[in-house]
Structures are given as structure tokens and as C-alpha cells.
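Novice: Please read through the structure below; I'll follow up with questions.
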Amino acid sequence: MGVTSTLLPLTRPLGSLQVLSMYNSMDMINTSAVLSSIALVFIAAVITKVAWGRITARPASRNTTPHPPAISGSSIIPLLHTLLTKGLRAMLQEQYTKFGSVFTISFFGMKTTFLVGPEVSAHFYQGPESEISHGNILEFTVPMFGKDVAYGVDIVIRTEQNRFYVDALKPAKLRCHVAPMLQEVEKYFAKWGQQGLVDLKQELEQLFMLISARCLLGKEVREKMFDEVCSAFHELTENSLQLTSLLFPYAPTPMTRRRDRARARLSSIFAEIVRSRKSSNRVEEDVLQNLMDSKYRDGRSTTEAEVTGLIMAILFAGKHTSTTTSTWTGARLLSHTECLEAALEEQQQIIKKHGDNIDYDTLLEMSFLHCCIKEVMRMHPPASIFLRKVHKNFTVQTREGYEYEVPRGHTIASPLVINHNIPHIYKDPDVYNPHRFSHGREEDRVGGKFTYNAFSGGRHACPGEAYAYMQVKVIWSHLLRNFELKLVSSFPETDWLKVAPEPRGKVEVSYKRRMLPRSMLKN
Ligand SMILES: *[C@@H]1O[C@H](CO)[C@@H](O)[C@H](O)[C@H]1NC(C)=O
């Protein structure tokens, strides 16, 4: 077997740097796939004794804009070493320090140009689909959610479907989710004892599925089919995100068969619910209903298959991201006393004003808690990197005034792990400090558009941002008000190998019930 045939399929894994990116919303990568595929290419190269390609970038001719500095040939080896020993962030940080905000990593003809910081990111996030797109990187989502949604349909339909999400998750609609969310949260924590020890990560994961079932999927699932839907959904994602399924989504492996079975099961469950609601003229206040009621511009209604695909995709996009963000919020708050106290103080002020009642507007008043969550997503972004494919040459100018042309054919990458830690934008980036986002300071605003990318941006801005904040705030305001919490395990390390880089291992937290409102009123 020649080198070419060994390496051919491997152009996909590198493309799969953004494996998980789906829809405009959740635009994330599976780092494990990246690391394993890079390792695989590396091993393949060593075994086949490939002379490492001396594909150094040709110097651009005098009159044209130069290409970005490129790392290629044998200089790739130390970079791979850093990647495999210290991780993606350290590797990119090294290159950024060395080459500045624009550089290309050239790897067996696959050229990925990294664009670091707001000055060079506008085109990445705003460029039209004909010039910048996800390419075929997201093809693995087609067997997950079906041919009727997302990357199974053309850009025109996809844009309309994104509008359905935007409409379903706009503030006017979000208001009606607060009460059911609160009920789920109260019911869940009512099961905790007077005091005890829990793995916060596991608890929040369960709670998120319950909230999602109620607010997104609807009460039929929440009340009657919760376990079945959870397990089918788990089967669907687990089997879709394995390296082999990502690389060969249609190969007849046991994994793709399990994935297809899970999707078929979910499809029939949701089709049944949609049918039953329609035939009995029952209307609910969940996102499933919003998707059922959505209409294309030509007046056509969404089909059962589309509703099913759209609802599975939104669950997929929201689940890991929200769970990890709320777990990190706990880990951070509980290890920064001063922040924890400020967050408690804010809750007390709000209770003084509104009593125990929490509604949409009270949640909006929790601005410090909001900053705490935002700061968590700066340091622990739900995705490490976003990727696109370049279809038309474009030019970027760096902060220092250098101009580079990024040619078509390159993959471009916006590395959040570096963007969110640029010292001239974020003061002391390694320090958890929610105040950096508070009124009057707002480091991300000062830094300009595309400084903060946790929810992507521009054309691909996540439509679930407000929903996500609302959900995490409902949970954390409840926890702060009702429990005295302590982080028992040490501050978690990041598991970069997970879909949304999550805290590694258990996040053990001890709790003791308290009544914040009462103790406050006594003072
Ligand atoms: C785009 O860039 C490539 C590589 O530098 C170059 O060969 C090509 O002529 C450029 N195309 C246009 C339209 O400028």
C-alpha cells in the first residue's frame, strides 16, 4: 500500500478538526479526533518512512501580498511533540508567540491557517458562504440528524432552519421557559438531603437532560419516555463521535449500525409525538412546538422528519456545552471566595427586592452571575477551535500592520483557546475575574467585535446564547440561595479530549442546606 493510499483518508480527519461543528449554532471540535488523527498521520509517516514533505511555502512574488508564515517540513516535528505532550493550547500558543496572529501549519499538503484575535477574524466569522464555509467537514452530522436538516440540506434551507431556532429561542419565547425550568431545578434538588457529598458534574448532567426534555423536547418525553429517549440519544451521540464513524460515516460498522438504530428509534418517537399533537390539536409551549409551527418563506410547514432532525440537533448542540459550562461555573465560584461572596451578595439584593420569586426579568438582573458564567466560558470555552474552508483568496491585516493573503483551499481556524487569552485584550488572562466583563470595564467590548467567541459570531452566532445563560442562571441562583457548597476535590484539570473540554474526573462538592432568604431578612 503506497503512502498516498494510506494518507488519502487522513485528509478527512484533519478536516474533522471541527468535527462537532454543526449548524450555525454549536460550532465545536472534537479534539480527541484531531489528536488521534494527527498522531495517526505521524505514525503512518514514520512507518512508511516518508521523507517529510518539504512543502515550504513558496515566497510570494514581489508585487503580491505574501502568504502567512508557514510551519512545514521538518519543523512540524517539534510542534507535534508539543501537541502530544502539552496539548493543543500550548502548541498554538508557541506558534502565536513565534509568528504572530496569522500563521499556517502545513501538513502533508493540508494547510491550516490560524487567525488569532479580532483584528484578523472578521472575514472568518462574516465572510459569505461562497467564500468561507464549513465545507464537507460536517458530513458526519447527516446520518445523525437525517438528510432533511443541517448539512443534509442546501444553504438556503439551512439558513431558514436556523431562523426557526432563532425564533424559538428569542426572548419573548424564553420567558415561558423560566417557570418549567425552575420547577425541574427545585424538584431535582429537593431530592438532595440536608447535607451530603455529590459529583457536581454527574448531577448537573442529569438535571440538564431533565430540563431539556421539559423545555425542548416536550412533556410527552419528560413524562413518559425520558429514560428511553436519553438512552437512544446517548447511543446516537456516542456512536457518531467515534473516530471511525467520523472518518467513515457510512461504513457498515457495528457503531454506525447502532447509530442508525438509535436515530430510527428517536425518529419514530418524535414523529409519533408530532402526529399526536397535530391530530388532537394539542399545543404545548416547548421548542418542539415552535419547530412544528415554523414555516418556510414559501409558506411550507416543517415536516415530521425535519422537526425530528432539528430537535435532535438542538439537544446535541446544547447538552454538553451547557453541562460543562455550569460545572465549570461551580468549580470556579467555589474556589474563588471573593467571587462566591459577590455572587451571594447579588442574590441577597435581588431577594430583598423581589422576594423568592424568580422570573425572566429577575434573571436578567443577575448581572454579576452573568459575568461569572461569561468568564467561565472565556477560560473554558465549550469549543477549543472553529474551522472553515476558504473558497476565495482573502487578505488580512494584523494589528502590527502586516498584510497576508490567505489563499483558497486553506482551512482556516479560529482558536478560542488563544483568542480568549490575548494579554492586550484580557488583563491577566490566566486569572478568573468576572469583573473584567462588568459595566464600565467590558474588556471584550473594548477589544472589538470577535474578541469573545464562546458563542461563535457573525453569520454563525449561536442562536441559543440567551437560552444557555438563562438555564445556567436558574440552576446557579437556586444552588447559591439554598445550599452552602464547598469544592472537596481539587480544582479540576481540563479534559481536552472531550467534545466540549470538560473537567477531568469527578467534581466533588459537599453541600449543606441553608435558607439564604431567611438569614438575610433577619439582618
Ligand atoms: C489565489 O491565490 C493563489 C495562490 O496564491 C493564486 O495562485 C491565485 O492566482 C489567486 N487567485 C486570485 C483570483 O487572486
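The values are calculated or read from the model by the stated rules, or taken from the named source; none is laboratory data. Predicted, not measured: the structure shown is a model, and the values here were computed from it. Cβ atoms come from the backbone with ideal geometry, glycine included; neighbour counts cover every protein chain shown.
Novice: When only residues in the range 379-395 that are surrounded by fewer than 24 Cβ atoms within 10 Å (Cβ to Cβ) and within 27 Å of residue 501 (Cβ to Cβ) count, which is nearest to the ligand (Cβ to nearest atom)?
Specialist: First, pick out the residues of the range 379-395 that are surrounded by fewer than 24 Cβ atoms within 10 Å (Cβ to Cβ): 379, 389-395.
Then drop every residue that is not within 27 Å of residue 501 (Cβ to Cβ), which leaves 379, 389-390.
Details: 379: 37, 389: 14, 390: 10 Å.
The extreme case among them is 390.
Novice: For the subset of the range 52-89 comprising residues that are small (Gly, Ala, Ser) and within 16 Å of the ligand (Cβ to nearest atom), which member is modelled with the highest pLDDT? Explain how you work it out, then say what you get.
Specialist: Let us first name the residues in the range 52-89 that are small (Gly, Ala, Ser), namely 53, 57, 60-61, 70, 72-75, 87.
Next cut, within 16 Å of the ligand (Cβ to nearest atom) only: 57, 60-61, 70, 72.
Numbers: 57: 43, 60: 47, 61: 50, 70: 95, 72: 88.
Selected residue: 70.
Novice: If residue 130 satisfies all but one of (1) more than 30 Å from residue 478 (Cα to Cα); (2) under 22 Å from the mean Cα position of the chain (by Cα); (3) of a type in the set (Gly, Ala, Ser), what's the number of the condition it fails?
Specialist: The single condition residue 130 does not satisfy is (2).
Novice: Further question on the same structure: Look at residue 458 and say whether it is at pLDDT below 95 and over 30 Å from residue 156 (Cα atoms). Please lay out each step first, then the result.
Specialist: Values: at pLDDT below 95: yes; over 30 Å from residue 156 (Cα atoms): no.
In short, no.
Novice: With within 22 Å of residue 142 (Cα to Cα) and without any contact (Cβ under 8 Å) to a residue 24 or more places away in the chain as the only criterion, which of 239, 281 stands out? So that I can check it myself, show each step before the final result.
Specialist: Details: 281 fails: within 22 Å of residue 142 (Cα to Cα).
Just one listed residue meets the conditions, 239.
Novice: Only one of these is within 18 Å of the chain's Cα centre (by Cα), charged (D, E, K, R) and modelled with pLDDT of 95 or more: 338, 365, 405, 375. Name it. Give the steps one after another, and end with the answer.
Specialist: Details: 338 fails: within 18 Å of the chain's Cα centre (by Cα); 365 fails: within 18 Å of the chain's Cα centre (by Cα); 405 fails: within 18 Å of the chain's Cα centre (by Cα).
Every option except 375 fails the conditions.
Novice: While we're looking at this one, here's another question. Checking residue 411 against (1) without any contact (Cβ under 8 Å) to a residue 12 or more places away in the chain; (2) among the β-branched types (Val, Ile, Thr); (3) in contact with a Gly (Cβ under 8 Å, 6 or more places away or on another chain), which test does it fail?
Specialist: The number of the failed condition is (1).
Novice: If you don't mind, another one. Among the candidates 193, 218, which residue alone is on the phi > 0 side of the Ramachandran plot and not aromatic (Phe, Trp, Tyr)? It would help to see each step written out before you state the result.
Specialist: Working: 193 fails: on the phi > 0 side of the Ramachandran plot.
Step by step, each of 193, 218 is checked, and only 218 is on the phi > 0 side of the Ramachandran plot and not aromatic (Phe, Trp, Tyr).
Novice: Pull up the range 399-447, narrow it to residues that are in contact with a strand residue (DSSP E or B) (Cβ under 6 Å, 6 or more places away or on another chain) and under 29 Å from residue 374 (Cβ atoms), then point me to the one that is farthest from the ligand (Cβ to nearest atom). Walk me through it before giving the result.
Specialist: Here is the first cut: in the range 399-447, the residues in contact with a strand residue (DSSP E or B) (Cβ under 6 Å, 6 or more places away or on another chain) are 403-406, 408, 410-415.
Checking the rest, the ones that are also under 29 Å from residue 374 (Cβ atoms) come to 411-415.
Details: 411: 15, 412: 14, 413: 19, 414: 21, 415: 23 Å.
By that ranking, first place goes to 415.
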